[in-house]
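Heads up: the structure comes next, in structure tokens.
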Amino acid sequence: MKVMSKVWVALGLLVFLFACSQNSKERLNNVESSIADSTANQLISSSATEENFKDSKRKFIRTADIKFKVKSVVNATYAIENITHQFGGFVTYTNLSSAIDDKTTIPVSADSSLETTYFSVVNTMTIRVPNTELDTTLKSIASLVDYLDSRLIKADDVALQMLSNNLTQSRVAKNEERLVNAIDNRGRKLNETAHAEELFLNKQEQSDNAKISNLSLQDQVNYSTVSLSIYQRQALKRELVYNDKNIDAYTPSLGSRVMESLKTGWEIIEELIVFITRLWTFIILGIVAYFTYRKLGGKLTKIQVQ
């Protein structure tokens, strides 16, 4: 009874230690995952992407150019599109493609071959999100990053450029007014009127260009542009295809067949060693039985002789 009690206590301790070990591994995995997510957030995010509402004089055009590796380009593409729409943005460009890196064909029978294709999947995307949501968007995308290759974030202040456009519009408007008065009051001759009209049209064009430039700048200020280049680990696809070529041309050479035979023989030896290793308890028992038999057999022989 005491022996059984000790056995049960030992089993209980083993179960307890195993459970503690599993919990420790889970906690360690959770910590590592949290650290990885935090690191990705720090790598992709930047203070340059945060909107400063206290500084109303600055007009920043924020752009980001990021290249990173993901587990699956297709899944990451769908996730990025959903994140973009979630924060009020839109996708302006996406180019998902697959490039074949290598292809091998190995004959496996008289009429079929095994075709192995190595390919890489990539996607180049351009998204636009409200400038107030740029930092949050990048942090959400960071959860998809498996390895970060590069990150370029820019914040260009265009407040002076927009002010220059406004001043240009104001100057042109005053000049247009003077030209109109000149045409109405002193433009008696046809050639003078035509020249004045041409000047007036040029001034209008300058004003329109300044206005369009301001509208374009304001749009870039309101919506930040993010360029993404994502890729995944090289993948492969195996397919059994019909072999309609000359079979003799695909017959392996003598050297290849000899090497394949040696490889097969070595695999048989490995399997035999593994099989024998699995029987180690029976081997030990056999050795013990052999020496016990010899020892007891010798004693019995001596007793019979006496």
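The values are calculated or read from the model by the stated rules, or taken from the named source; none is laboratory data. Owing to the predicted nature of the structure, the values given are computational and were not obtained by experimental measurement. We place every Cβ from the backbone using ideal geometry, glycine too, and count neighbours over all the protein chains shown.
Here Y231 does not fit the description of being at pLDDT 80 or above, more than 28 Å from K103 (Cβ to Cβ) and hydroxyl-bearing (S, T, Y). The condition (being at pLDDT 95 or above, loosely packed, with under 14 Cβ neighbours inside 10 Å and not aromatic (F, W, Y)) is satisfied by just one residue among N23, N30, N95: N95.
Sort out which residues of segment 125-164 are in contact with a Leu (Cβ under 8 Å, 6 or more places away or on another chain) and within 17 Å of F60 (Cα to Cα), and write them in order of number. Listed by number, the residues that qualify are V158, Q161, M162.
Given the residues L279, L272, which is the only one that is surrounded by 10 or more Cβ atoms within 10 Å (Cβ to Cβ), modelled with pLDDT of 80 or more, out of contact with any strand residue (DSSP E or B) (no Cβ under 8 Å at 6 or more places or on another chain) and not polar (S, T, N, Q)? Exactly one of L279, L272 is surrounded by 10 or more Cβ atoms within 10 Å (Cβ to Cβ), modelled with pLDDT of 80 or more, out of contact with any strand residue (DSSP E or B) (no Cβ under 8 Å at 6 or more places or on another chain) and not polar (S, T, N, Q), namely L272.
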